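Take a look at the structure below.
What follows draws every value from the coordinates through simple rules; no lab data is involved. Small disclaimer: the values here were computed from a predicted structure and weren't measured. Cβ atoms come from the backbone with ideal geometry, glycine included; neighbour counts cover every protein chain shown.
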Amino acid sequence: MILSRYLMRAFLARFVGLLLGLVLFLQTLDLLATANEVLAGGGAPLDSLVRYVMLRVPSLIETVAPLAGLLGALTALVTLAKNSEVLAMRAAGRSVLSLVAGLVAVGTALSILLFVFSETVVVRTNGMLEDWRDMGFQTDGQVAESDNSWLMEDNMFVRVGHVLNGGAELLNVRLLQRGGDEEILDIIDIDRAVWAADHWALTGARRVGGTNTITQLNAADREPIDWKTQLRPEHFMRFANHPNELSLGALQEYVGNVAIGSRPQYFYDTWLHQKIAGPIVLALMPLLAAIAAFAHHRQGSSVLTIVWGITLGFLFIIVDNMILAMGQFGSLPPFVAAWLPLLLFLTLGLWIVFSFENTGART
């Protein structure tokens with residue numbers, strides 16, 4: 001029990017130290033690459049750089065946390081194995097599973113903290129950074145929305161020419177209503193859409209195509225008409241954002257019976273699962289570290305053990321990214337794409353650790 005608590009404290013201390021070191025290193029490289037672009041925005045040099053760092057660091061923390069967890073657990077276990085504590089435990093009839101369970105418990109707690117941090121800080125700073133980047137890093141600029149962006153709501157496709165006033169005013173809008181057999185029922189062009197009193201008022205609306213002969217719209221009609229839709233101004237401001245800039249609650253708006261988004265629904269559904277599965281990786285990393293540490297604990301080479309552990313970690317990241325990409329393109333169901341790598345490596349890790357526990361490593 002004392003050894004388990006010592007190992008858990010050592011893992012946590014190493015995790016914090018490695019996390020700070022990796023973030024500092026990567027932030028330095030990133031700042032060197034983007035400093036000229038940030039300073040070109042015309043703001044006060046020091047203020048602009050500090051603002052960029054403050055907005056960029058949370059994303060880096062989220063990115064390197066699993067690697068810091070792997071290296072922290074690996075170095076703690078290597079130190080333990082190098083001093084023959086593992087052999088002493090086995091000779092005394094003690095289970096090494098308690099060591100692994102303690103590390104996984106710490107990793108699970110860190111995963112929960114990472115999830116909360118991602119939902120409350122990272123998504124907000126990512127969005128602020130992208131908005132600032134779109135303004136050319138100017139301190140008093142406005143977000144420049146791209147022309148002819150597309151948005152989907154159920155069977156309705158929406159093309160927006162320009163987004164103004166925080167999404168409350170849209171110019172050069174085209175609506176395409178699709179039928180159940182993929183047939184285009186209506187094509188409606190709108191000069192201007194304004195959000196007021198919780199609804200959209202359309203001016204200059206006219207029907208320009210489609211197979212539906214019932215809809216009759218004429219741009220000469222001066223009276224604004226209502227647009228019945230669940231789309232709100234914030235959707236037009238952020239609908240093209242990557243899911244990394246959306247919280248779990250915001251992503252839920254992009255899936256369901258009435259899906260809203262600029263990408264297919266399975267893309268958002270995959271990332272909805274990934275928002276939950278992603279932080280859990282931090283709890284898996286101590287298990288991968290245990291595989292390497294126990295497999296090489298008597299080989300006399302700490303470097304070999306660390307290299308083997310890092311290789312396992314990067315192999316997991318590669319497999320995870322490949323399968324996630326397949327889910328984003330619809331080749332795999334969203335649940336499978338988000339959870340399969342985690343379950344595969346979890347099964348492999350548990351099998352190896354239990355094998356070591358029951359049979360022991362060859363010495």
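Cβ crowding within 10 Å ranks E37, E62, E169 as E37, E169, E62, fewest other Cβ atoms first.
How many angstrom lie between the C-alpha centres of region 175-197 and region 24-74? Region 175-197 and region 24-74 have Cα centres spaced 42 Å from each other.
Distances between placed amide hydrogens fall under 5 Å for G210 paired with I187, all partners being 5 or more residues away or on another chain.
Applying the Karplus relation 6.51 cos²θ - 1.76 cosθ + 1.60 with θ = phi - 60° to region 305-312 yields 3J(HN,Hα) values of 5, 5, 4, 5, x, 5, 4, 4 Hz, where x marks Gly and Pro. Couplings 3J(HN,Hα) of region 123-134, computed from phi: 4, 6, 5, 4, x, 5, 5, 5, 4, 5, 5, 5 Hz, in residue order, whole Hz [Karplus 6.51 cos²θ - 1.76 cosθ + 1.60, θ = phi - 60°; x for Gly and Pro].
3J(HN,Hα) along region 273-285, derived from phi through the Karplus expression 6.51 cos²θ - 1.76 cosθ + 1.60 where θ = phi - 60°, amounts to 5, 5, 4, 8, 6, x, x, 5, 4, 4, 6, 7, 4 Hz, with x in place of Gly and Pro.
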